[in-house]
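Notes follow once the structure below has been shown.
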Amino acid sequence: MITKEQIPEVLDHQVYDAEGKKIGEAGHVFLDDVTGQPEWASVRTGLFGSHETFVPIHDAAMVEDHLEVPYSKDQVKDAPHVDVDQGGHLSEQEERRLYDYYGVDWGGYRQETGRTDTATAGTTGTAAAAGTAGTAGSRTGAGGTRGRDRDEAMTRSEEEMRVGVERQETGKARLRKYVVTEDVQKTVPVRREEVRVEREPITEENRGEAMSGPEISEGEHEVTLHEERPVVETEVRPVERVRLTTDERTEEETVEGQVRKERIEEEADDKRRRRR
C-alpha cells in the first residue's frame, strides 16, 4: 500500500506491472477524501505520454525506484477514459466504473474505508503535485492544486510540454554478392608465315651447287607454314574488401502539441471581472 509519505517517490517515476513490464510514468496521485490516503494514480502512456489512464494503488508498492501495480500492462493502458472535473475529483460514477473495470469489490471497499452514500461518497480527492502530499478534502485537478490553501491563496498551474526521443528500427541493410558475366575485348598481335618465292641468278659461287643434279628432271620442294592464334584463359584475383557501416546524421524536427494553462479571474461584487 502506498502512503502519503511515498507520494514524492511515485510522482514522475516509472510504473511497472506485476510481470515487470514498464507501463508508463506516474503523473498524479489522487487521495481519498474520507481516509486521506493515496487511492489512484494517473499513468502517462503512449508516445511522449500522450495518453493518461487511472490505476488503483491501494495494493501497489514501491519497488526500488518504480511503482509496481498488481495489474497487467494492457489492462492499465485500456482502462476507461475518465474526465476529471474542474474541482479535481473523480465522480462516484467514474470511480465505480474504474473499480468495476479492475474487478475491485466496490461494496467491500466502501465498508473497509467507512464510506457512506452521501453526496461526497465515492469521490477521490487531491491529485498531489510533485514533492507534496496534499491534504484530504482539498480539490486538485490533473494539472496541480486548484483549491484554496491554508493561507487562502490560490495556486495557478500550467502544463509544460516535454519532448523526448526514442530509438526505433526503420529497416535493415545487407550486402549480397552475386556473379555477372561481362563481354571483354582485348587486342593482341599474332604472327603467321607466308610463302615468298626467291629467285637467285647463277654465279660462279653457286654454279657447282646448281649443276649438281640432273640436267632435266621433275622435282618438288615443300615448306611448312606456321601462324599464332590467341589463347584465352582466366584467373581469379581479389580486388577489394566491402563492408557495411552506419553514420549518424542529426536533423531538426518541429514537434507541435497542446498544453493547458490555468487562468485566475477576480470577480467583484459589481460583476466586473479583471483578468490576471
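The values are calculated or read from the model by the stated rules, or taken from the named source; none is laboratory data. Just so you know, these numbers come straight off a predicted model, no measurement behind them. Quick reminder, even Gly has a Cβ in these numbers, built from the backbone with ideal geometry, and neighbours come from all protein chains shown. Heads up: the accessible areas ignore ligands, DNA and RNA and are worked out on the full protein's heavy atoms, side chains in. Shrake-Rupley method; radii C 1.70, N 1.55, O 1.52, S 1.80 Å.
Below is a table of values for the structure above.
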item: Phi to ³J(HN,Hα) by Karplus 6.51 cos²θ - 1.76 cosθ + 1.60 over region 21-35, Hz, x for Gly, Pro; result: 8, 6, 9, x, 10, 5, x, 9, 10, 9, 9, 7, 5, 7, 8
item: Cα-derived Rg to Rh of region 1-65, Kirkwood definition; result: 0.95
item: Cβ-based net charge around TYR101, under 11 Å, with every Lys or Arg adding one and every Asp or Glu removing one; result: -2
item: Volume of the Cα convex hull of region 179-225, divided per residue and given in Å³; result: 168
item: Long-range amide H partners of TYR71 with built H, under 5 Å; result: ALA18
item: List ASP32, ASP59, ordered by accessible area with a 1.4 Å probe, largest first; result: ASP59, ASP32
item: Probe 1.4 Å - accessible area at VAL190, Å² to nearest ten; result: 80
item: Where ASP183, ASP100 fall by accessible area, highest first, once all protein chains stay in place (1.4 Å); result: ASP183, ASP100
item: Under 5 Å, built H, 5+ apart or other chain: amide partners of ILE23; result: VAL15, TYR16, ASP17
item: 5 angstrom amide H check on TRP40, placed H, neighbours 5+ away; result: PHE30, ILE57
